[in-house]
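This report refers to the structure that appears directly beneath it.
The values are calculated or read from the model by the stated rules, or taken from the named source; none is laboratory data. Bear in mind that the values here come from a model prediction, so they are computed numbers and not experimental data. Positions of Cβ are backbone-derived with ideal geometry, glycine not excepted, and every protein chain shown enters the neighbour counts.
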Amino acid sequence: MKNQKKKDKKEDERDVEDAIIKIGESEGPFDEICGIEIEREPSFPVRVTLQYYKATSNGVINEKVMKDINDQLKESQNYGENFGSLVVDGKTNRPTEMKKQKKKNQSRR
């Protein structure tokens, strides 16, 4: 019973909530395309990066918090076709995988 009270007290100490990163005011013109009209090439996939932030005042989490995070990530996967980390070490087999181009034989005369 004493251990259960300690466990309940620990769970009461958790303080985790969704955090929001606010988009600030524009800091000037974005003229990277110099006024050129652009159009999306439909043969290339659209890439979207989702970032989720949680805030805690004390670093205490429990299984319910982790389950909620897991459920949130799984829910977002209902809207896409391919998933992965931006941090990779090697081949990912994604359709957007960078393919190395073969170097042409360049001989100097």
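Annotation note: of GLY24, GLY59, the sole residue that is on the phi > 0 side of the Ramachandran plot and exposed (fewer than 11 other Cβ atoms within 10 Å of the Cβ) is GLY59. Pairing residues of region 85-109 that are under 30 Å from LEU50 (Cα atoms) and among the hydrophobic types (A, V, I, L, M, F, W, C) with residues that are surrounded by fewer than 10 Cβ atoms within 10 Å (Cβ to Cβ) and modelled with pLDDT of 75 or more, at Cβ distances under 7 Å and at least 6 apart in sequence or on separate chains, gives LEU86/THR49.
Looking across region 32-73, the residues that are charged (D, E, K, R) and either within 27 Å of GLU13 (Cβ to Cβ) or in a strand (DSSP E or B) (or both) come down to LYS54, GLU63, LYS64, LYS67, ASP68, ASP71.
Counting only residues that are of a type in the set (D, E, K, R), modelled with pLDDT under 85 and either touching a Pro at 6+ places or on another chain (Cβ under 8 Å) or within 19 Å of ASP68 (Cβ to Cβ) (or both), region 11-49 holds 4 of them. Only residues that are surrounded by 12 or more Cβ atoms within 10 Å (Cβ to Cβ) and of a type in the set (S, T, N, Q) were counted across region 36-56, and they come to 1.
Beta carbons closer than 7 Å, at least 6 apart along the sequence or on distinct chains, pair a first residue in region 42-58 that is touching a residue at least 40 places away in the same chain (Cβ under 8 Å) with a second that is of a type outside the set (A, V, I, L, M, F, W, C) and outside any loop (DSSP other than H, G, I, E, B) for ASN58/GLU13. Is it true that MET98 is outside any strand (DSSP E or B), of a type in the set (A, V, I, L, M) and loosely packed, with under 10 Cβ neighbours inside 10 Å? Answer is yes for this residue.
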